[in-house]
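The values are calculated or read from the model by the stated rules, or taken from the named source; none is laboratory data. Computed from a prediction, not measured in an experiment: that's the story for all the values here. Cβ placement follows ideal geometry from the backbone for every residue including glycine, while neighbour counts extend to all protein chains displayed.
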Amino acid sequence: MNNTKMKKGGLGEEIKVLMKTRVRDYAMYIALAAIFIIFAACTGGAFLSPRNLTNLINQTGYIAVMAVAMTLVLIICEIDLSVGYMAGFLGAVAAIMMIRMGINMWIVIAAVLALGVFFGVMKGLIVTKMGVPAFVTTLAFEFIFRGLLSLITSESGTIPIGIDSFNAISNGFVPDIGDIAGMHSLSLVVGAAAIVLVVYFQIKRRKNMQHYHFDVLSKPMFAAKLIFMSVLIGVVAVILAQYRGLSWTIVIVAIVTLVYHFIMEKTRLGRYIYGIGGNSEAAALAGISVSRIRLLVFASMGLMTALGGILFASRLQSASTTAGAGFELDAIAACYIGGTSTSGGIGKVTNTIIGALVIMSLTNGLNLMGVGIAYQYVVKGIIFIIAVAFDVMNRK
Amino acid sequence: MNDYILEMRGITKTFPGVRALDNVNFKVKRGEIHCLVGENGAGKSTLMKVLSGVYKFGSYSGDIVYDGEVQRFMSTKDSENAGIAIINQELALIPDLTIYENIFFGHEIMRPSGRTIDWNQTIVAAEKLLDKVRLDVNPSWKIRELGVGKQQLVEIAKALSKKAKLLILDEPTASLNENDSQNLLKLLRDLKEEGVTSIMISHRLKEVVNIADTITVLRDGATICSINGRDGKVEEGEIIKYMVGREIENVYPRREDVRHGDVALELRDWTVYDPSAERVILNHVSLKVHKGEVVGLSGLMGAGRTELALSVFGNNPHYKLLGGEIYVEGKRVRFKEPKDAMRAGIAYVSEDRKHNGLILIQDIKFNVTLPNLEAIENGVVVNANEEIIQVNKYKDSLNIKTPSIAQKVGNLSGGNQQKVQIAKWLFAEPKVLILDEPTRGIDVGAKYEIYTIINRLVSEGYSVIMISSDLPEVLGMSDHIYVMSEGTITGELSAEEANEHNVMRMATKTEEVCNE
């Protein structure tokens, strides 16, 4: 809810004001569009094929869930640099438990998630109780997880996971309910439902804001926004429907995003997290148990790192000795590109998802173009710095 | 002896909306100890900042004549080169460097080649300087290992190393214990024998009358008088008279009907030790606040008023409570963290709204509801509509001037930010409100509104403890006044008894009271 001053200058004026005051909110969409156009041109359209876009979305899954939790970590002015190898390590733990020990997949998933929370709490305790800065703590943990990953995969090297139901998590699709014009109907139905829900909630929210005399977008601008959102969801649904429909990854990412979005926007806990990020002294004096909430945020980071590790292992259908390298940078970059403030207190998990799409579009597009991994690192590093610099300069 | 080392003539310095110094004349004789006294906000520190080049030439009007020449200091470096050294209350030493590194920081002794530091010479020179300030420590100790008193001496050694001829000390004894204070004053006398001139800002009038050759009193940004401290004994009372002596204008809305109820909050023998300062910061503080009463807590800077509020509110985990009890409505309570104090019905409105009070990047509703979100919860969901209704109520009743409660708090004026702070704590449904400097840095109109709000609150049965450095405000608003000095209550007065003189006398009382 930005206090965009609406003058009676008409639509042109309103657009101008919006561009000025909210350029930060739109930047990631502009970046995403630019990346799509460039890659579509450079790959002769292959980038935009239903197959590749479905692939891109599934690829984004493991980074997206980690980035969502990372958003909270960054909001409270902390950081977690250990999530990359931690995800890799936990993926390997899952593989070993299932393949070598033959434990049931669901028990393994539950155990690995619990292990993730355990490590998250451990990091959180070191940061909050012992006062070791998060940067140092998590950097050290990155070394530890890297070592542990090598250790448990040293004998066997890469551990292939030959369990179809596990591999389906990141590669499988929700069973369809029938065809419509040769397309998968489920994703069309879900897409349509999503459009209806989004339009309904947006209208309801606008009415509510008008009721309490807040500034709202003018009618034509609001309509344009609704159409834009509907078209976006519609296009994604149609593209998915043309390939194999709704993937399990999308379902998981959607659930994670909705839950975190709900917590951050609707609950007391969300308020406390924003409050601590905005001014932890003031939050403490308002009676908030700051250290307990910081601990919780690290625990949630641990949980999502474990989920990310599972998604990645499932996607590769194996656990490798180098799994997870660089994930932390992707996750943090997704947050910053999605508008999370480098000085804390500001950030939205829904925007982080867009940020994750930007980062993974880069990876996917560069792969399609046949650019080597070495160059990819350089490009991502540059994009990362541009995103943060843009944020910092914009907040001045 | 009419040789003046310093003459400041007609100094006027304005900040947006405030005239901090108004045609101030200030003359210091060569080789004297000159004390500068005045209430908080009288302009002492501003004057010294003008002198030392913190406010550079051109940002003020008037002349600084030093050593017979008009000076144009563009930075503190310039004033240092001229031989003026200022020692601020917050010491400018680097804790993890050694004493000798600190003394010569910024003007290192170089080897003949001029490229590398001559550490041997540095240590030898540092030893000599420490000897001069009579500090018997190894110069290779780290600053961190020294107490505040000794750090102060290192600062003086540093000033001497720069060949300072004029030493400015801003409340040098405020954070020192009795022993260290005496040491420091003795040192100033010795330096005087060697021809060093000192200007000392101090609130401790007893010290001032003992040491000063000349005393200059500032009030409301103007020089009131300079008293010769050596012609017969200067009375503390005389200084106080000059420090206050202001007509109280009738800017305080009168409360109708003052009926006080039972005791809402009582503190008994509250004694707190601050390990980082190595001293007892609150010593057997006892006070009572009745229902429907405004209790003023007066005192000069560093008297321990904010520390008292924070230690009661449970916020400062490193303070050590040596003794004392809190009673809320007659019941003994213990607070481990602010949440406990809030549950018992105590709210603390911070003096530092930007750092401790508000979350500037969030909007008004977010800030107001933060301490008591439970009140607008619907299951686990914060009810956004209820929030808007509630916060709008406070916006109207406290007259917060904003186009909408979705406005970011950082965009509001100081007075409106203060009202948001008050709204926030009223929303927490307290019984006792501790307002720490509620009108600092806000304009006259907004001040009046805050006073009106305070009056309305007490008439509704709230109790208010108002910590304020503004003496007329304390006198104008309080039903009952406690005066603090150096961590103890040095006096208690009813509204009828209190006047500027007796409050200021209590606020400047020093150790003889502490030893009672």
Would you check if there is a residue in region A:173-190 being in contact with a Leu (Cβ under 8 Å, 6 or more places away or on another chain), of a type in the set (Gly, Ala, Ser) and closer than 30 Å to A:PRO50 by Cα?
yes
Region B:154-174: number of residues that are at pLDDT below 90 and either of a type in the set (S, T, N, Q) or over 24 Å from B:GLY43 (Cβ atoms) (or both)
3
Looking for something closer than 30 Å to B:ASN502 by Cβ, in contact with a Gly (Cβ under 7 Å, 6 or more places away or on another chain), part of a loop (DSSP other than H, G, I, E, B) and more than 14 Å from chain A (Cβ to nearest Cβ) - is there at least one such residue anywhere in region B:268-277?
no
Under 6 Å between Cβ atoms, which residue pairs at least 6 apart in sequence (or on different chains) link something in region A:230-251 that is crowded, with 18+ Cβ neighbours inside 10 Å with a partner that is at pLDDT 85 or above and among the basic types (Lys, Arg)?
A:TYR243/A:ARG51
Out of all the residues in region B:436-448, is one or more among the hydroxyl-bearing types (Ser, Thr, Tyr), away from every other protein chain (no Cβ under 14 Å) and touching a residue at least 60 places away in the same chain (Cβ under 8 Å)?
yes
What's the number of the only condition in (1) touching a strand residue (DSSP E or B) at 6+ places or on another chain (Cβ under 9 Å); (2) within 14 Å of chain A (Cβ to nearest Cβ); (3) buried (at least 21 other Cβ atoms within 10 Å of the Cβ); (4) in contact (Cβ under 8 Å) with a residue 60 or more places away in the chain that B:LEU308 fails to meet?
(2)
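Of these, B:ALA303, B:ALA344, which one is within 13 Å of chain A (Cβ to nearest Cβ), in contact (Cβ under 8 Å) with a residue 12 or more places away in the chain, in contact with a strand residue (DSSP E or B) (Cβ under 6 Å, 6 or more places away or on another chain) and of a type outside the set (Phe, Trp, Tyr)?
On inspection, the qualifying residue turns out to be B:ALA344.
Among the listed residues B:LEU129, B:LEU93, identify the single one that is outside any loop (DSSP other than H, G, I, E, B) and of a type in the set (A, V, I, L, M, F, W, C).
Numbers: B:LEU93 fails: outside any loop (DSSP other than H, G, I, E, B).
Of B:LEU129, B:LEU93, the one residue that is outside any loop (DSSP other than H, G, I, E, B) and of a type in the set (A, V, I, L, M, F, W, C) is B:LEU129.
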Go through region B:361-409 and report how many residues are under 22 Å from B:TYR448 (Cα atoms) and either away from chain A (no Cβ under 12 Å) or at pLDDT below 90 (or both).
10
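Condition check ((1) in a helix (DSSP H, G or I); (2) at negative phi; (3) crowded, with 20+ Cβ neighbours inside 10 Å) across all residues:
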| site | (1), (2), (3) |
| --- | --- |
| B:GLU101 | yes, yes, yes |
| B:GLY114 | no, no, no |
| B:ARG134 | no, no, no |
| B:GLU155 | yes, yes, yes |
| B:LEU167 | no, yes, yes |
Residue satisfying all of: in region B:347-360; assigned to a loop (DSSP other than H, G, I, E, B) and facing chain A (nearest Cβ under 10 Å); surrounded by the fewest Cβ atoms within 10 Å (Cβ to Cβ) among these:
B:ASP352
Any residue at all in region A:59-70 that is touching a residue at least 12 places away in the same chain (Cβ under 8 Å), in contact with a Phe, Trp or Tyr (Cβ under 6 Å, 6 or more places away or on another chain), crowded, with 21+ Cβ neighbours inside 10 Å and of a type in the set (S, T, N, Q)?
no
Residue pairs meeting the criteria (Cβ under 9 Å; at least 6 apart or on separate chains; first free of Cβ contacts under 8 Å to residues at least 12 places away in the same chain, in region A:158-178; second among the polar types (S, T, N, Q) and surrounded by fewer than 17 Cβ atoms within 10 Å (Cβ to Cβ))
A:GLY178/A:SER185
Taking region A:6-52 as the search range and keeping residues that are surrounded by 14 or more Cβ atoms within 10 Å (Cβ to Cβ) and not in a helix (DSSP H, G or I), which one is farthest from the chain's Cα centre (by Cα)?
A:MET6
Flagged in region A:1-29 as modelled with pLDDT of 75 or more and within 19 Å of A:SER341 (Cβ to Cβ), in numbering order, are A:TYR26, A:ALA27, A:MET28, A:TYR29
Counting only helices (runs of 4 or more DSSP H) entirely within region A:255-349, those with at least 3 residues that are more than 9 Å from chain B (Cβ to nearest Cβ) are A:290-316, A:327-337
Do we have any residue at all in region B:328-336 that's at the interface with chain A (Cβ under 10 Å from one of its Cβ atoms), on the phi < 0 side of the Ramachandran plot and aliphatic (A, V, I, L, M)?
no
Qualifying position, being closer than 25 Å to B:LEU475 by Cα and either modelled with pLDDT under 85 or surrounded by 19 or more Cβ atoms within 10 Å (Cβ to Cβ) (or both), among B:VAL294, B:VAL280
B:VAL294
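Results for (1) of a type outside the set (Lys, Arg); (2) without any contact (Cβ under 8 Å) to a residue 24 or more places away in the chain; (3) farther than 30 Å from B:PHE15 by Cα, shown as yes or no for each residue.
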{"site": "B:LYS365", "(1), (2), (3)": "no, no, yes"}
{"site": "B:VAL368", "(1), (2), (3)": "yes, no, yes"}
{"site": "B:GLY414", "(1), (2), (3)": "yes, no, no"}
{"site": "B:THR452", "(1), (2), (3)": "yes, no, no"}
List, please: which pairs have Cβ atoms under 8 Å, are six or more places apart or on different chains, and start with a residue in region A:179-196 that is on the phi > 0 side of the Ramachandran plot and end with one that is in a helix (DSSP H, G or I)?
none
Check region A:207-216 and report whether any residue there is more than 14 Å from every other protein chain (Cβ to nearest Cβ) and either assigned to a strand (DSSP E or B) or in contact with a helix residue (DSSP H, G or I) (Cβ under 7 Å, 6 or more places away or on another chain) (or both).
no
Positions within region B:431-469 being among the charged types (D, E, K, R), over 24 Å from the mean Cα position of the chain (by Cα) and assigned to a helix (DSSP H, G or I), in sequence order
B:GLU449, B:ARG456
Subset of region B:184-212, residues assigned to a loop (DSSP other than H, G, I, E, B) and surrounded by fewer than 18 Cβ atoms within 10 Å (Cβ to Cβ), comes to B:GLU194, B:GLY195
Here are some residues: A:GLY278, A:GLY309. Which one is out of contact with any helix residue (DSSP H, G or I) (no Cβ under 7 Å at 6 or more places or on another chain), in contact (Cβ under 8 Å) with a residue 24 or more places away in the chain and not acidic (Asp, Glu)?
A:GLY278
Are there any strands (runs of 3 or more DSSP E) wholly within region B:1-83 with 1 or more residues that are at pLDDT 90 or above and over 28 Å from B:ARG204 (Cα atoms), and if so which?
B:61-66
